[in-house]
Each structure stands twice: as structure tokens, then as C-alpha cells.
Amino acid sequence: MTPLELKEYLTGLIENRVNLSAMIWGPPGIGKSSLVQQIAQAHELDFVDVRLSQLAPTDLRGLPVPENGITYWAPPEFLPRKGSGILFMDEINMAPPAMQGVAQQLILDRRVGNYQLPENWFIWAAGNRKVDRASVFDMPAPLANRFMHFEVGPCIDSFKRYAFQRELSQSIIGFLAFRQDLLHKILPDEMAWPSPRSWEMAAQLHSAGLDIEPAVGLSAAAEFYAYVDIAEKIPDILSIVSGKKSPEFPDDISLRYATVMSLVAQSRTVEATLNALRWLVDKASAEWVQLYAADAFPLLRESNLMADLQQSILQEEKLKNFLLDYAQMMAS
């Protein structure tokens, strides 16, 4: 499952008020935690992140408090008592079995000790797998059977969508579109290695004029800088999206990726998108026009500009034919 597919599924749980506990499995650094946070923000839900590996059993169940000869369990302050939100147990399988056992009642019965989770709260969790070289414990079968399970992996399309939304470095996006194998690659001999999380850090470093090696490692950084040297030769993107110039489409494959990703980053309006499409349809083969559309159209759709773009495209024969071919391709 890709992050985009997982986001769509989890969003469906919220919109349909399906209050079943969900467990997200996947390698480190692909954005499991940030994806859940994004969903909470999009639906204006509270978000409580609980790290069971940092707690003792009494921290979750509460401390025993005697009252009139009877012991009561005083629940911890971090557990929600009102409103609606997502109670997220991140890195749940880093907690020892005893701690995971205490969480079983909360996950299935939505209560532990004297505490009752409010009705409008969802319980979701995430964890790495042993194959990811993570220091994790086996999840007990009774606990695992209390979850729905989702396995998510790195996906370049999901990362590009996120990166364009966050306006990350165009050089980083273009490089990863060109070298998709380096989106997520655990390097046993390097402390730093490339992942969606570390590439986001690298984008901040690159925008600040700092070396990205501490974020993604020596080998990935070296390949990125080799790409940057070539990508400096891309056409004048601003002149293309403004309709002022119509240079030739580059011959070099890495330059082509850099050009298309830079066009997507600058396509924030209907007019800019139309100019980019006109240029690509005129200068490039269909595969590059489709690559551009696959990244640019979702961004316009999220800005509620897609309907206006479609109306404008239908006024021009070349663009109209492309749009029809693209729609057929997406439907097949």
C-alpha cells in the first residue's frame, strides 16, 4: 500500500466513523507518523502521540490511590477526556511485551483501569518491522488480533505530492523523480541514509545552502550534487510558465526530469499550467506531458482550480486532444 492509498483509506474510516483500531506497518522514515498527523489536521481532530516504549505499565493504567479502604487507579493526564481526535501509539512494538499487554485492553475495549476513552476518539498505532533492522519486539497474537493491519511502503508519487504541497526544494524533487531508487535505501555502512524523512531534512539544508550529506549520507549526497550540476542547464522555467519564451525540450534524460518537476513547482495558477502544457505538448513526447499532468493536476485539484483548467483546455484543439488521451489512459 502506498502512503496516498493509506491516507485515503484512513480518511474513509474517519468520514464513516468506523471506530476500529488500526496498525500501520512499514520501514522507518517513510512518513507513517506525519501522515496520521496530516489526517488529524485535515479533519480538525486532536492528536495525542503516546510512546509506549517510554512508559511503565502503571504510567498507562494509572497509579493506585486508596480511598475509603478501596484502591482506585488514577489515570494519566495525557489520555484524552473530551472532544474528538486520534490517540496514536507510535513505535508500539518497541515497547516490551508487558507494556504491550497493558495496552490490549485500551485498544480493544477503549478503557484501561478506571479510564474510558471518549466515544469520538480513534486508536491508531504504527511500528517498524524486524526486516527494517529495527529494535522491536514481537507483537503478541492477542494484541495483533485487536488491530486492522496495513503495510505501507515508500512511493515516489506520494512523496512528490507531499513535497510539492510543502514547497520543498525543486532540485530534491527532480533528483528523486530521476533516481527513484534513492527515495528510500537503508545503507548499513552509513549512519545517515536516504528516506522520505531524511530527504525532507535535506531539502531544508539545501535551501539554506548547507551540505545535505549529514541527512542522506555520503553516496546519496554525491549523486545528488552531480545531478544539480547538470540540472543548472534546464530552460528558463519562469519564461515558459509566463508564456514569454519557447525553448527546446532538453535532450539529456536528467535534464528532462529536472525541467518537468520545475514546471510542476511553478504551476500554481491556471494560466501557468496552460503555458506549461502548451510548451510540453509542442516540444516534448507524450510521456513527459503525462508525467507533468500526473503531478500538476492533483495540486490544482486541491486548490479547486481543476474545473477552470479543464474549461480552458477544451478551448484549444491540441490541449483538448491531450486531455482526452490522458483521461483514457487514467481510466484504463
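The values are calculated or read from the model by the stated rules, or taken from the named source; none is laboratory data. These numbers were taken from a predicted model, which means no experiment stands behind them. Cβ atoms come from the backbone with ideal geometry, glycine included; neighbour counts cover every protein chain shown.
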Checklist entry - Restricting attention to region 206-219, does a residue exist that is small (Gly, Ala, Ser) and surrounded by fewer than 14 Cβ atoms within 10 Å (Cβ to Cβ)? => result yes
Next on the checklist: If I go through region 247-295 residue by residue, how many of them are in a helix (DSSP H, G or I) and either in contact with a Lys or Arg (Cβ under 8 Å, 6 or more places away or on another chain) or not charged (D, E, K, R) (or both)?
Outcome noted: 33
Next on the checklist: Can you pull out every residue in region 300-321 that is more than 23 Å from LYS283 (Cα to Cα), in contact with a helix residue (DSSP H, G or I) (Cβ under 6 Å, 6 or more places away or on another chain) and part of a loop (DSSP other than H, G, I, E, B)?
Outcome noted: LEU305
Next on the checklist: Please count how many residues of region 178-191 are touching a helix residue (DSSP H, G or I) at 6+ places or on another chain (Cβ under 9 Å), closer than 21 Å to TYR162 by Cβ and surrounded by fewer than 19 Cβ atoms within 10 Å (Cβ to Cβ).
Outcome noted: 4
Checklist entry - Would region 255-278 turn up any residue that is modelled with pLDDT of 90 or more and on the phi > 0 side of the Ramachandran plot? => result no
Next on the checklist: Within region 215-246, take every residue that is assigned to a loop (DSSP other than H, G, I, E, B) and under 13 Å from PHE175 (Cβ atoms) and give me the one that is modelled with the highest pLDDT.
Outcome noted: ILE234
Checklist entry - Taking region 223-236 as the search range and keeping residues that are free of Cβ contacts under 8 Å to residues at least 40 places away in the same chain and surrounded by fewer than 22 Cβ atoms within 10 Å (Cβ to Cβ), which one is nearest to TRP193 (Cα to Cα)? => result TYR225
Checklist entry - Given the structure, is VAL264 buried (at least 20 other Cβ atoms within 10 Å of the Cβ), within 23 Å of PHE175 (Cα to Cα) and in contact (Cβ under 8 Å) with a residue 40 or more places away in the chain? => result yes
Item to check | Flag for PRO76 being farther than 21 Å from GLU200 by Cβ, modelled with pLDDT under 90, touching a Ser or Thr at 6+ places or on another chain (Cβ under 6 Å) and not small (Gly, Ala, Ser) | outcome: no
Item to check | Those residues of region 89-106 which are crowded, with 23+ Cβ neighbours inside 10 Å, in contact with a strand residue (DSSP E or B) (Cβ under 7 Å, 6 or more places away or on another chain) and assigned to a helix (DSSP H, G or I), in sequence order | outcome: ILE92, ASN93, ALA103, LEU106
Next on the checklist: Based on this model, can you work out whether LEU20 counts as touching a residue at least 24 places away in the same chain (Cβ under 8 Å), assigned to a helix (DSSP H, G or I) and of a type in the set (A, V, I, L, M, F, W, C)?
Outcome noted: no
Checklist entry - Looking at region 97-116, is at least one residue over 24 Å from TYR72 (Cα atoms) and in contact (Cβ under 8 Å) with a residue 60 or more places away in the chain? => result no
Next on the checklist: Show the residue pairs meeting these rules: Cβ distance below 8 Å; 6+ apart or different chains; first residue within region 207-221 and without any contact (Cβ under 8 Å) to a residue 60 or more places away in the chain; second residue among the aromatic types (Phe, Trp, Tyr) and in a helix (DSSP H, G or I).
Outcome noted: ILE212/PHE224; ALA215/TRP199; VAL216/TRP199; VAL216/PHE224
Checklist entry - Got at least one residue in region 48-71 being assigned to a loop (DSSP other than H, G, I, E, B), under 17 Å from VAL136 (Cα atoms) and at pLDDT 85 or above? => result yes
Next on the checklist: One residue is enough: does region 250-260 have a residue meeting the conditions surrounded by fewer than 19 Cβ atoms within 10 Å (Cβ to Cβ), under 23 Å from TYR162 (Cβ atoms), under 25 Å from the mean Cα position of the chain (by Cα) and in the same structural domain as LEU176 (by TED's automatic domain parsing)?
Outcome noted: no
Checklist entry - So is VAL131 hydrophobic (A, V, I, L, M, F, W, C) and surrounded by fewer than 16 Cβ atoms within 10 Å (Cβ to Cβ) or not? => result yes
Checklist outcome for this item: Condition set of a type outside the set (D, E, K, R) and in contact with a Lys or Arg (Cβ under 9 Å, 6 or more places away or on another chain), scope region 310-328, selection farthest from ALA265 (Cα to Cα): answer is LEU314
